[in-house]
Amino acid sequence: MERYLYRAVGGGILMMVLDGPVLAAVAALGGSIVGACSSLTATLIGQRLQARWSRLGADLEEREKLYGVFVEEAVHLFTDSIQRSAIEPAKIMRLYAKVARIRLTSTDPVLHAAEQVGKRLLEAYELPPENPMEVLARYANGETDLDPLREFTEACRRERANALQQV
C-alpha cells in the first residue's frame with residue numbers, strides 16, 4: 001500500500017511515495033528514540049534523587065555527631081560549673097568552637113538554642129559552687145530549669161524531623 005506525502009518546496013509542491021515497510025521502519029525508529037529518551041530521563045532523575053538522599057543522609061549524620069559532641073562537652077562543663085566557679089577558658093572555647101560549627105550547618109532555632117546553652121553556662125560559673133547531690137535531688141523533684149540542654153535538644157529533634165520529611 002502506497003501513501004503519498006506532500007511537501008511544499010520553494011514555490012511548488014513535491015510529492016513523495018512512502019512504502020508501508022518504510023513507514024513502519026520510521027515509526028519503529030521514532031518509538032525507539034522516544035523510549036530511549038524516556039529511559040535516560042528516568043535514570044537521570046533517579047540518580048539525582050539518590051544523590052540528594054545520600055547527601056541529606058550524610059548531612060544528618062554529620063549534624064548528629066556534632067550535636068552529640070556539643071551535648072557531651074556542655075554536660076561536662078555544666079557539671080564542672082556546679083562544683084566550682086573558676087572558668088577554664090580553654091574548655092569554654094572548645095564549646096564555642098562547636099557553636100561556630102553549628103552556625104555553619106544548622107538552622108536558626110538550633111543555633112539560637114546552642115548560643116543560649118553557652119550563655120547559661122557562663123551564668124552557671126558565676127554562681128557559687130553547689131553540692132551535686134542537692135542539684136540531682138532538685139532535678140529528680142521535677143525542677144525543669146536544671147536542664148540547660150532541653151531547648152537545644154528539642155530544637156535538634158525538630159530540625160531532624162523536618163529534614164526527614166523532605167525526603
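Worth a mention:
- Segment 135-141 - phi-based ³J(HN,Hα) in whole Hz, Karplus 6.51/-1.76/1.60, Gly and Pro as x: 5, 5, 5, 5, 5, 5, 7
- Using the Karplus relation 6.51 cos²θ - 1.76 cosθ + 1.60 with θ = phi - 60°, the per-residue 3J(HN,Hα) values for segment 78-92 come to 5, 4, 5, 5, 5, 8, 8, 9, 7, 8, 9, x, 4, 5, 5 Hz, with x marking Gly and Pro.
- The length gained on full extension between CYS37 and GLU154, counted as 0.36 nm times the residue separation minus their Cα-Cα distance, comes to 37.5 nm.
- Given charges at beta-carbon only (K, R positive; D, E negative), |dipole| of the chain in Debye: 840
- Multiplying the residue separation of ASP147 and GLU72 by 0.36 nm and subtracting their alpha-carbon distance yields 25.7 nm.
- Summarising the label geometry, the points placed 7 Å from Cα in the beta-carbon direction at TRP53 and ALA90 lie 4.6 nm from one another.
- Peptides 88-100, 115-127, 23-35 ranked from most to least packed, by the mean per-residue count of other Cβ atoms within 10 Å: 115-127, 88-100, 23-35.
- Paired Rg and Dmax values of the chain, which use every Cα atom, in angstrom: 33.1, 104
Read-outs: derived from the displayed coordinates by stated rules, not from any lab. Keep in mind the model is a prediction, meaning the values are calculated, not measured. No Cβ is skipped: glycine too gets one built from the backbone with ideal geometry, and neighbour counts run over all protein chains shown.
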